[in-house]
Structures are given as C-alpha cells and as structure tokens.
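The values are calculated or read from the model by the stated rules, or taken from the named source; none is laboratory data. Model, not experiment: these values are computed from the prediction. Positions of Cβ are backbone-derived with ideal geometry, glycine not excepted, and every protein chain shown enters the neighbour counts. Keep in mind that these areas ignore ligands, DNA and RNA; they rest on the heavy atoms of the full protein, side chains included. Shrake-Rupley method; radii C 1.70, N 1.55, O 1.52, S 1.80 Å.
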Amino acid sequence: MRISLLLCLTLFFHYTNAKNPVKKVPTPVWVNPITSLDQDILEGNGSYQYLLIDLQEHVPLQTVYGHYAVKVLNAEGVQAMSDISITLDPAYQQLYFHEIKIIRDAKVIDKLKESTIHTYQRETSMERSLYDGSLSAVINLTDVRENDIIVYSYSLIGFNPIHKGHYATTYYLQHPIPVNRIYNRVLTHPDHDIQYKLYHEAPEPVVRHVDAYKEYLWDVKALDYLLYDTNVPAWFDPHRRVSISTFHHWQEVVDWALPLYRYSAKELEQIKQSLQDTHLKDNTLARMIRWVQDDVRYLGFESGIGAYKPNPPLKVFRQRYGDCKDKSLLLVALLQSEDIAAYPLLVNTQLKGELRNQLPSPTAFNHCVVYFNYQGKEYFVDPTLSHQGGSLEDMAFPNYQSGLLIKPGKAQLLTIPEKNTTAVAIKELITVDSIGGDAALMVRTEYKGSKADAIRSYFNTTSRESIQKEYLNFYSHLYADVALADEIKFYDYERNSSNTVIVEEYYQVKNFWLMAKDQAYLYCELYPLVLESQIGYAKTTEHAMPYYMGEPYTFTQTTQVDLPQDWPVRESTVRIVGDGFAYENRIQGYGKTVSITHYYQLSKEYITADSVAAMLSKHEDIQNELSYYLTYNQNLSGFTLSWISIMIATIAFGVGIFFAVKLYRNYDPEAWIYAENKSIGSWLILPAIGLTLSPILLLREIINAQHFNQHTWQNLFSSHGNQSVDVFFILSAEIIYNFLLLAFTLLVILVFYQRRTSTPRLITIYYLISFLGPLLDILLIEEWLPGQLQDSDKNATYREVGRSLIAAAIWIPYFNISERAKSTFCKRIKSSAH
C-alpha cells in the first residue's frame, strides 16, 4: 500500500504540474532525513565549506533527492552561495523544492516561503550549436551573512524515457574541496540488482533491505580533499567515487541502441534520388563523406529523447542540419545503400581509452562517429568535422581509442587504431639588404593531417583581413617594426589526396639589426615563435598525476638567412630526447647563408607522473636552444694589419728561403747516364703551367684567408675563448705552412726551368706537401675546433685534397720513372759552373 501510494503521488504531481515544472512541496517520506551537521571547518580552504552533500535516489520512483548544507565563511562566500540554482530537463523532469533555510546562531530562518523561484532557459552549449532545452531554477536568497549555514533540499522527478527503465550514475565520495559528510543512498527493486564499481579505494556500500526495496548506502567523511595537478588529461579522475549501472554487459547497451538507429529504406531511396553520381569509387566515396561533413551543418536539439535518439536520415537530409547522431546515421545509411558495411560508433571524446574502465551504460558516451569496412579495410570518420581533407587513407581521425559499435551481436568495445599524420613544416627566408639595415621575410608553412583541416577551416571562416592582422601581430612579438609586404596566400590544391595546405606570408622588417646596450656590436635574433607556442608547458612541482602533452605531431622549421657578405658560422647539432618527445637543432653556414633548423616530435599524448620532472627540465633545455643570434662587431669591421702575422710570415719565409738556397746549392744528384739533354716539352708542359701559376694561386689563398687581418684573430679568439692556445697554434701553423710552401715552390720552379737533376726528387716532395698539408689542416681544425668549418669550406678543402692526390698519383711516377723526364732534367750545378 505504501509503495502504491508513493507511485500515485508521484504520477499526480507529474501531471498536475506539467505546465510549471518547479514547485514547493514537503520532503518525500521515503527519504532518510539527515538532521545533525558536523561543523568542523578547515582553515584556509576558501570562502565556504560544504557540511553535507546528501544524494538519495529512488530508482522505481525515478526520483533524485538532493540535500546540501554549506557554511559561508566570509564576504566572498556570501557572494558565491546566495544563489541556489538547479538544472532540469522539462521534457521529462519536474523539480520540487522541499526546504530552504538559514541557520544563524543556532536559530533557523525559513527562506522557502519568502523565496521566488525563477526559471531560465540557459543553453550552455549554444556556442557549439547544441540546444538541450534545459531550464535553470534559480532562487536568490536575501539577507545572507558570514557564518550562516545555508540548507536546501529538492527532488528531481523523472528519468529520461529513452533509457526504458535502465539507470546509471556516479557518486563522488571525494571532491577538490573539503566536505564534512557525504551521504549517498540508492533504492531499487530487490529483483533488479544494480552493479557498481569502486574507484581509488572507495568503500563498499552498506547493503540492506528497507521495506520492499534494496538499499545501497555510502556514508563517509570527505575532508581529505584532492586537488588536480597541472595539465592533467581529461580522462584522468583521481577522486574516490562509485559508478552505478543497471546494464551488466556492453551487448545490453548495443541491444538498447539498435532500435534507435533504425531507418526506413523507402526514405533512403528518396535521398538517393536527390543525390547525383552515387556510383562509388574511392574519390566519390570521399565526396559523399565531404557532403555529409560540409553540406549538412552541425546543429542539435538534444532535449529528452533527442539526447540519444537520432532523427531519421530523410529529415536530416531535407533540413540540412543535425547533431553527431543525426549526421552519423545519415552517412551510415548512404554507405549501407551501396553495400558498404557501415555502423554508428559511440565514443567518449574525453575518456578515450579510459572508457574501458567504465561500467556499461549509454551515459558513458558523449559522441557518435561512423565505422565502415570498404574493400577489406577498416575506416573511421567523424561526420561532425567540417573542412576535412585527404583520401580515405589519409583522412585524419581523432584519437578516440575506444568505442562501442552499434551492430547486432557486438559485446565488447572496439579498439580504434591511432592515426597520426599531423605535421607542420615552416620555411623562413630572411633576405638582409645590408649590415645594420632592413630585411625581407618570407614564411612558407605546410600543414598536414588534422593541422591542415584546422587551418583550412580557419581560412574558410575568417576574413583575410583578420587573418593578416593576426599573423602580423604574431610576428610583432619578435620584430618590433614589421609590416606586410604582400597579401597572405593560401593554397589548398591537395585536399582530396595528401591533405596538404600551404600558407605563404610576406613581410618587410625595418631595423632588422639592433644595437647592443654598450653599442659595441649589432645583433639580430632568429627565433621559432610557433614552436615556442607549442612547447610552453606549464611548470609544476611534485607532480603525482599523468601530464597531458597534447595531440602527437611533428614540427620542422628551417630559417635561412641570406646576408650581404660571407658569414663565419660555428656549425653544431643539438639533440634532446625524452619520454614521448624528441628535439633537434642544427646550425649550418655556407658562404653568405646561415641556416637554423628546429625539429620537434611529440609521440605521446601524455606521460606518467614519474616522467614529468625530467620532461620539464629537458624542455627548459630546449627553450634555451631556441634563440640564435647573429652578431656584428662594428669595431672589428674593415682591415687592421696584424703585426704578429707579419712577424710569423717573415720568419717562416726567411727560414724557407734559407733552406731553399741550401738545397739549390748542395743537392746536386748525378744525371741519368742515358740522358739526351732534351728541352722541356711534350707532357712536361702541363706541370710547367701548374708550377708557374702556383705562387700566384698560393698568394691569393693567403690573402683570402685574412691571416694578416687583426680582426680575424680577434673573432676566432672571442668565439673560442677557452681554446685560445689551439686557435693561435692553428693560425700560426697555417701561416708557417703557406710561406714555407711559397719558398719551396719558388725553389722547385727555379730548378724545373734550369732542368736540374734535383727536379724529380724536389717536385715529388712538392706534390706530397701539397696533398698532405691541407688534409692535416682540416683534420686538426675538426679535432681542436669542431664546428668552426662550414660545410662549404670543408667541401672545398676536400676537393683541393682530391685534386692534389690525383696530381701526385700522376706526376710523381712520371718524373721519377719516365725516360723523357730523365732526359730533360739532366743538368748539374757543377757541370754548369764548368
């Protein structure tokens, strides 16, 4: 009798109050009253504290009872807690307020009688084109003061009829704020067992029979609140809680959903007659997907049943709008009409893989997409993503990880493979007109995958003027005086193939060079602004939770600077690798060009707590590698004679001449007994030309090396301050080698044209020195001053060494073995004297 009375009362209130879903009524008799309040306050925890969170649910009566008590601690608490707001869906719910009171100095002030209940339709998801029709019932309390305890209770009557008697919810037994007492109670029919799952050491319920019902009860203290760490993934929930569901298996959810996603074959024929070119090949199948994504706009009215049941495909086709369920069912119907196995797929955009740790329930999902199998391959499409590109193979799909396929017989969640093709490649070309002057900046950015989809959507929904202004403001953070040189260009030629989007920007940077504070030098900074915005991870201490890194992607930026003069660059490569990411920085130079390349790859969406400290430390190291400066010392420009170079060169050349004279006079080997005293001719013309030009070429090399410029020494000493001895040794050795070689070359030329018998041996030494000298020089520089030589310098030296090796391999045997050489170089100084 008592149960029947309660059911009748519930139905009576439901029908008599249909026009006004909010009323004031007494507390239901089935509720366990909580009268005593624990008023222990934790100091320093905000402007208010909940003393009680009391949630009791009567599943057979489809009623949720809420009872709260909160103590106001200061003026900010008065501001925050003076409005009571409860949300309901008027399509199937009614709201009854039972009690609103203020306890002040042990006195109870009834606020329910004097309060006016206002209802507002507040569409919190309107900016996402979703309308759920929910109402907010708001009561503005008067005369709320510090140290007041606000107590209120209400009942929400009515469960969504789409669930057909099924029920699911989650009780939190711990919050990010302290709560003195949490009381959660569920009443069910004894023969309708619910299943529950405990998270993070939540306590087992007290289970007992109350009247004709089965009761599950949790009654806990929750002063041990738990705050979230920084950058915690959306799927991670560390709080003690319990999930409840009347579904026992995922197949029950599939069986519940299948009738909702049925459609009429006759209606589908009307859709097909309105569509052209429905013969499916790869490209037309992609066009069909594009049509549902782009031509059917995203708009949802999700009140009541509409939150779970999609509209018929014909209705969606005619109205040209729908929510995720509507668009997914429309695409599924079109694909199935072409004998393609396609099905709706329920996912959770926040929980992702954590969905596997949830109890089976329709409320576990918040989104619907499409799965289909075409020519033996599985594909996943999100019909709500507009402006997508790529072929079937290249089409981006969010990393939802898990989903429930609405297909007969499916009993398990489906694993969704990760599909990561997201990439950004930036090429910056900076052309500097003069040292201390201006520069032209051209930026070419190539987007792939979901980044291409995002930038395509941005350019299709934003005016070019706004885009150019936003881009210009972005670069003004690096260049104070930057202006547009040409309009921005957008290229989208490969939407239906590789899904590559290209954006080109053109700027003029005035005052590209800046003056140092001490006015000793000019400088300019080269900096990857886009990369900095991607890896600016929030710092944290003692991280105990997973850390969200972002959607995986690859990033490359190459900045090429073309300068008006040759620029010395110390080439280097820096690599920083950590858990889930890798960074590389390459600095190169060749002639008048300087090139800086930054490469960054994010391979993990999140990292575990024990990796956070190392990740943040290494990203700080990465931040320190982002800036690169070109500096120009005005005091070191021009030419200043280096007297130390003059002294070293004079001594070396003097020593070389001294020993050359000694060799000329004293080294006079016997001639070949069969020598015919031939003149210089035949093949000997070739080495004669080379020897004759050698002093000129050597002097030009000495001049180009700038060894006699004092600024050359100062620049090298400043860039290798801790290796000054090595710098001095190498520069001195190069000067000594060059001038000894010059003296020796003059000696070889002299004996060559005099056809002296010493020529073959001396020219052999000459060819060996010409080969070994540059080789030893480059090896010493690479060993002692790594990165000093540019690639162009190294390549030029290796080419010179190669030519010298070839010359030595040809002419050394020729001068020492051939009869022609022996017959030509047959004169001796002694015979000449006679």
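Numbers below:
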item: Magnitude of the charge dipole, the chain, Cβ model with Lys/Arg +1 and Asp/Glu -1, debye to 20; result: 1860
item: Loop sites in the stretch 396-499: GluC sites (Glu not before Pro), DSSP, at most 13 other Cβ within 10 Å; result: 418
item: Trypsin sites (Lys or Arg not before Pro) restricted to DSSP loop in the stretch 301-391 with at most 10 other C-beta within 10 Å; result: 320
item: Over the stretch 331-370, relative contact order from alpha-carbon pairs under 8 Å, at least 6 apart, %; result: 47
item: Leading residue at positive end of dipole, the chain (Cβ point charges), from 742, 85, 70; result: 742
item: Percentage relative contact order, the stretch 291-378, counting C-alpha pairs under 8 Å, at least six apart; result: 25
item: Under-5 Å amide H pairs with residue 494, H placed in peptide plane, nonlocal only; result: 500
item: Qualifying trypsin sites (Lys or Arg not before Pro) for the stretch 471-529 [loop in DSSP, other Cβ within 10 Å: at most 13]; result: 510, 517
item: Contact order normalised by residue count of the chain, Cα under 8 Å, 6+ apart, percent; result: 8
item: Tilt relative to the chain, helix 724-753 - C-alpha long axis, 0 to 90 degrees, to 10; result: 40
item: Solvent-accessible area per residue, Å², over the stretch 205-259 with all protein chains present [probe radius 1.4 Å]; result: 44
item: Reachable aspartates and glutamates from residue 517, criterion Cα separation under 19 angstrom, eight or more residues apart if same chain; result: 481, 525
item: Projected-area mean, the stretch 36-166, by convex hull of Cα positions, square nanometres; result: 10.0
item: Restraint check, 71/309; 427/794; 352/448, Cα-Cα greater than 32 Å; result: 71/309
item: Solvent accessible area, Å² - residue 784, 1.4 Å probe, full protein context; result: 80
item: Set of the stretch 534-552 residues, backbone N closer than 14 Å to the point 7 Å along the Cα-Cβ line of residue 618; result: 549
item: For residue 614, net neighbour charge (Lys/Arg +1, Asp/Glu -1) across residues whose Cβ lies under 12 Å away; result: -3
item: Surface accessible to a 1.4 Å probe, residue 748 within the full protein complex, Å²; result: 0
item: Rounded to the nearest 20 debye, dipole of the stretch 442-557 from Cβ charges on Lys, Arg, Asp, Glu; result: 60
item: Label-zone membership for the stretch 458-491, site residue 433, 7 angstrom Cα→C-beta point, backbone N under 16 Å; result: 481-486
item: Candidate aspartates and glutamates - alpha carbon under 14 Å from residue 604, same-chain residues fewer than 8 apart omitted; result: 418, 551, 579
item: Exposure ranking of 214, 678 by accessible area [1.4 Å probe, largest first]; result: 678, 214
item: Between 0 and 90°, nearest 10: helix 685-704 axis offset from the chain longest Cα axis; result: 50
item: Net charge of Cβ neighbours under 15 Å - reference residue 584; Lys, Arg +1; Asp, Glu -1; result: 0
item: Surface share of carbon and sulfur [accessible, 1.4 angstrom probe, percent] for the chain; result: 54
item: Accessible surface of residue 603 - all protein chains present, 1.4 Å probe, nearest 10 Å²; result: 70
item: From the coordinates shown, percent of Cα pairs over 47 Å apart corresponds to which of (1) 51; (2) 21; (3) 29; result: (1)
item: Length gained when the stretch residue 466-residue 798 is fully extended (0.36 nm per residue, less Cα-Cα span); result: 114.3 nm
item: Cross-link partners of residue 214 among aspartates and glutamates (Cα-Cα below 20 Å; sequence separation of 8 or more within a chain); result: 54, 57, 191, 193, 204
item: Rounded to the nearest 20 debye, dipole of the stretch 154-253 from Cβ charges on Lys, Arg, Asp, Glu; result: 160
item: Within the chain, percent of DSSP bridges classed antiparallel, to nearest 5; result: 85
item: For residue 748, net neighbour charge (Lys/Arg +1, Asp/Glu -1) across residues whose Cβ lies under 14 Å away; result: +3
item: Crossing angle, helix 464-475 versus the chain [Cα axis fit, 0-90 degrees, rounded to tens]; result: 60
item: Inter-label distance for residue 147 and residue 765, nm, one decimal - labels placed 7 Å from Cα along Cα-to-Cβ; result: 10.7
